[in-house]
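Here, each number is a calculation from the coordinates, and none is a lab measurement. Predicted model only: the values in this text are computed from it and were never measured. Neighbour counts run over all protein chains shown; Cβ positions are idealised from the backbone, glycine included.
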Amino acid sequence: MKAILAIVSVLVLAVLVYVFLQYRKIQVAAACPAKEIATSSMEKTGDTWQVAFTSKFDAPMDRVFDAFQHAPERAIEFAPENVKKSEIVKDEGNTKTVDVIGTLDILPPGFKVQNLRTEYTVHAAEHRITSRSVDFKLADSSSEFKFEPSSDGKGTLLKFNQTYKVKQQLPSQALEKGVLCEVYATTVRAVNRALGLAPAPAKQAG
């Protein structure tokens with residue numbers, strides 16, 4: 001009997017530790033501490049988030065803008081720890097549709113792997129990219145990436161704005177904020193790697 005109680009105690013302790021670590025991970029992610037994010041603002045009204053992030057790049061605007069144009073389909077190359085598949089399924093003029101299979105550790109079981117289809121439109125003359133989700137089960141989202149040169153022309157400021165309408169509620173707003181931050185930070189991290197501004201990703205097993 002004592003042995004059974006000891007085993008149960010160990011299992012309960014393990015579960016409590018796991019829950020605590022997940023809670024801490026979510027709280028940290030919700031604070032948007034990622035170095036890829038210079039400033040952040042996230043406000044939820046009803047079921048809709050209004051998101052605004054900025055990021056800085058130590059590279060000329062034309063290089064950064066070009067890298068972002070190809071970032072969606074090259075995500076598996078530069079962010080393999082979070083992206084298991086990324087491919088163009090439709091490409092017409094300045095608009096393309098990309099399918100991605102992505103993973104986020106902070107999501108609860110059953111949500112960690114997500115299939116996303118996103119339509120991107122490049123507005124080259126304005127140095128701007130817009131995107132919208134296509135039949136995503138968790139939310140309807142529309143986003144804008146706006147690029148501006150630094151005063152000396154050697155760097156780039158990215159202004160990102162997003163409207164994210166939740167269709168399937170996650171357990172907490174902190175988790176939703178963490179997801180929004182992590183997805184954006186992953187995109188910026190991948191572009192930094194593509195530009196040679198960050199170390200290349202480690203090779204994934206298998």
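On the given criteria, is T95 under 15 Å from F65 (Cβ atoms), hydroxyl-bearing (S, T, Y) and out of contact with any helix residue (DSSP H, G or I) (no Cβ under 9 Å at 6 or more places or on another chain)?
no
T97 - would you say it is surrounded by fewer than 19 Cβ atoms within 10 Å (Cβ to Cβ), touching a Lys or Arg at 6+ places or on another chain (Cβ under 6 Å), under 21 Å from E81 (Cβ atoms) and among the β-branched types (V, I, T)?
no
In region 69-113, how many residues are of a type in the set (G, A, S) and assigned to a helix (DSSP H, G or I)?
Residues in region 69-113 being of a type in the set (G, A, S) and assigned to a helix (DSSP H, G or I): 1 in total.
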